[in-house]
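Take a look at the structure set out below.
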Amino acid sequence: MKDLSTDELAELRESFDNCDSNGDGWIIVGEFAALLLALDQDLTEDECLLAFEMTDADGDGKISFEEFMGWWTGE
(Lines give C-alpha, C1' and ligand atoms only; values in the text may rest on other atoms or scores of the structure.)
Protein backbone atom coordinates (compact mmCIF):
# COMPACT_ATOMS: atom_id res chain seq x y z
CA MET A 1 0.00 0.00 0.00
CA LYS A 2 1.18 3.51 -0.75
CA ASP A 3 3.13 5.13 2.05
CA LEU A 4 1.21 8.10 3.34
CA SER A 5 2.64 11.00 5.29
CA THR A 6 1.34 11.60 8.78
CA ASP A 7 -0.72 14.53 7.49
CA GLU A 8 -2.16 12.51 4.60
CA LEU A 9 -3.07 9.67 6.95
CA ALA A 10 -4.75 12.11 9.35
CA GLU A 11 -6.74 13.66 6.48
CA LEU A 12 -7.78 10.22 5.26
CA ARG A 13 -8.86 9.23 8.77
CA GLU A 14 -10.92 12.42 9.01
CA SER A 15 -12.60 11.59 5.68
CA PHE A 16 -13.34 8.07 6.92
CA ASP A 17 -14.75 9.37 10.20
CA ASN A 18 -16.93 11.90 8.38
CA CYS A 19 -18.31 9.12 6.19
CA ASP A 20 -18.89 6.86 9.23
CA SER A 21 -21.99 8.79 10.29
CA ASN A 22 -22.85 6.62 13.30
CA GLY A 23 -19.25 6.50 14.56
CA ASP A 24 -19.06 2.72 14.89
CA GLY A 25 -15.73 2.43 13.05
CA TRP A 26 -17.22 0.90 9.91
CA ILE A 27 -18.72 2.32 6.73
CA ILE A 28 -21.88 0.60 5.59
CA VAL A 29 -23.35 0.71 2.10
CA GLY A 30 -25.63 3.72 2.75
CA GLU A 31 -22.79 5.76 4.22
CA PHE A 32 -20.50 4.87 1.32
CA ALA A 33 -23.20 5.67 -1.24
CA ALA A 34 -23.67 9.10 0.36
CA LEU A 35 -19.93 9.76 -0.01
CA LEU A 36 -19.90 8.60 -3.64
CA LEU A 37 -22.92 10.73 -4.49
CA ALA A 38 -21.26 13.74 -2.87
CA LEU A 39 -18.24 13.13 -5.12
CA ASP A 40 -20.26 12.35 -8.28
CA GLN A 41 -23.97 13.06 -8.32
CA ASP A 42 -24.45 11.18 -11.60
CA LEU A 43 -23.87 7.73 -10.09
CA THR A 44 -26.73 5.26 -10.01
CA GLU A 45 -27.66 3.18 -6.98
CA ASP A 46 -26.28 0.10 -8.74
CA GLU A 47 -22.96 1.83 -9.41
CA CYS A 48 -22.72 2.80 -5.72
CA LEU A 49 -23.46 -0.78 -4.69
CA LEU A 50 -20.85 -2.15 -7.08
CA ALA A 51 -18.23 0.30 -5.78
CA PHE A 52 -19.09 -0.72 -2.22
CA GLU A 53 -18.74 -4.42 -3.03
CA MET A 54 -15.38 -3.81 -4.71
CA THR A 55 -14.12 -1.80 -1.74
CA ASP A 56 -15.36 -4.33 0.84
CA ALA A 57 -12.41 -6.63 0.14
CA ASP A 58 -13.29 -9.24 2.76
CA GLY A 59 -16.99 -9.29 1.88
CA ASP A 60 -18.23 -8.74 5.43
CA GLY A 61 -20.76 -6.08 4.42
CA LYS A 62 -18.85 -3.14 5.86
CA ILE A 63 -15.75 -1.15 4.98
CA SER A 64 -12.90 -0.92 7.47
CA PHE A 65 -10.47 1.97 7.58
CA GLU A 66 -7.86 -0.22 5.86
CA GLU A 67 -10.28 -1.06 3.02
CA PHE A 68 -11.21 2.62 2.74
CA MET A 69 -7.54 3.55 2.58
CA GLY A 70 -6.99 1.04 -0.23
CA TRP A 71 -9.95 2.44 -2.17
CA TRP A 72 -8.89 6.04 -1.63
CA THR A 73 -5.30 5.44 -2.74
CA GLY A 74 -6.34 3.18 -5.61
CA GLU A 75 -4.51 0.14 -4.29
**Asked** What number of residues in segment 22-51 are among the hydrophobic types (A, V, I, L, M, F, W, C) and within 18 Å of LEU12 (Cβ to Cβ)?
**Response** 9
**Request:** Test each condition in (1) in contact with a helix residue (DSSP H, G or I) (Cβ under 8 Å, 6 or more places away or on another chain); (2) under 19 Å from MET69 (Cβ atoms); (3) exposed (fewer than 13 other Cβ atoms within 10 Å of the Cβ); (4) acidic (Asp, Glu) for ASP24 and report the one that comes out false.
**Result:** (1)
**Message:** Please determine whether any residue of segment 57-73 is surrounded by 13 or more Cβ atoms within 10 Å (Cβ to Cβ), among the hydroxyl-bearing types (Ser, Thr, Tyr) and modelled with pLDDT under 90.
**Reply:** yes
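The values are calculated or read from the model by the stated rules, or taken from the named source; none is laboratory data. All figures in this text were calculated on a predicted structure; none of them were measured in a lab. Note: ideal-geometry Cβ built from the backbone for every residue, glycine included; neighbour counts use all protein chains shown.
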